[in-house]
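Input: a single structure, listed below in structure tokens.
The values are calculated or read from the model by the stated rules, or taken from the named source; none is laboratory data. Note that this is a predicted model, so its numbers are computed, not measured. For neighbour counting, all protein chains shown are included, and Cβ atoms are generated from backbone atoms with ideal geometry for every residue, glycine included. Calculation scope for accessible area: heavy atoms of the full protein, side chains included, ligands and nucleic acids excluded. Shrake-Rupley method; radii C 1.70, N 1.55, O 1.52, S 1.80 Å.
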Amino acid sequence: MSRIGKLPINIPAGVTVNIDSETNNVTVKGPKGELAQAVNPKIKLTIDNGVLSLTRPDDERDSRSMHGLYRALLNNMVTGVSSGYTKQLELVGVGYRASNTGQVLELSLGYTHNIYVQLPKEVKLETKTERNKNPMIILESADKQLLGQVCAKIRSFRKPEPYKGKGIRFVGEEIRRKSGKSAAK
């Protein structure tokens, strides 16, 4: 049996889960927002006493993989609408700057022109610039998939390079450093 798929999902107070039995769509509402996910009809969903559980019909390869996948997706949705997700990016490099006006993020990353990124309305954006510290971009959302996709897009403008460590990286991320030419002698 799937180790992840068989785990029950506890539904916290203030979160409602609705299952459409005909289309097998799941809608989760909470204080941070509302999310929806279509679930494969093979996977059966049941709610008992504030606990959501998933069962699969057989032990075929597709059923096993979908069992764990949909359990993880639904658990991320419940966690997202109740407490939300936060990611922090820092800009490491001389002259790298970040600022925002509403949902538009402006990045100055050493290119000839600034980069402007329009973020989706589901993602909350905040930028911090403190003296003698790297500029920070703080992103918040109830949707874990969307948040990861936005972070990957922002990071792709200037990935951290291994020689000086300059670029956009997650807070706490370890960059594998290389020594360069002078160490070879």
*With respect to the numbered conditions (1) closer than 27 Å to S156 by Cα; (2) under 19 Å from the mean Cα position of the chain (by Cα), which one is the sole condition not fulfilled by V28?*
(1)
*Could you tell me whether segment 119-129 includes any residue that is within 30 Å of E34 (Cβ to Cβ), touching a residue at least 60 places away in the same chain (Cβ under 8 Å) and outside any helix (DSSP H, G or I)?*
yes
*asked:* Need the failing condition index for D20 against (1) surrounded by 12 or more Cβ atoms within 10 Å (Cβ to Cβ); (2) of a type outside the set (A, V, I, L, M, F, W, C); (3) within 22 Å of R61 (Cα to Cα); (4) more than 23 Å from the chain's Cα centre (by Cα), just the number.
replied: (3)
*First in segment 55-68 and over 12 Å from N40 (Cβ atoms), second anywhere and open to solvent by 70 Å² or more (accessible area, probe 1.4 Å) and modelled with pLDDT of 90 or more, Cβ under 6 Å, 6 or more apart*: T55/K44
*Sort out which residues of segment 74-94 are assigned to a helix (DSSP H, G or I), closer than 30 Å to F157 by Cα and open to solvent by 30 Å² or more (accessible area, probe 1.4 Å), and write them in order of number.*
N76, T79
*Scan segment 1-23 and report the pairs whose first residue is over 22 Å from S82 (Cβ atoms) and whose second residue is surrounded by 14 or more Cβ atoms within 10 Å (Cβ to Cβ) and basic (K, R), with Cβ atoms within less than 7 Å and a gap of 6+ or a chain change.*
S2/R64
_Taking the criterion of being assigned to a helix (DSSP H, G or I), open to solvent by less than 90 Å² (accessible area, probe 1.4 Å) and over 30 Å from P31 (Cα atoms), would at least one residue in segment 147-170 satisfy it?_
no
*How many of the residues in segment 116-133 are open to solvent by 30 Å² or more (accessible area, probe 1.4 Å) and either of a type in the set (F, W, Y) or touching a helix residue (DSSP H, G or I) at 6+ places or on another chain (Cβ under 9 Å) (or both)?*
3
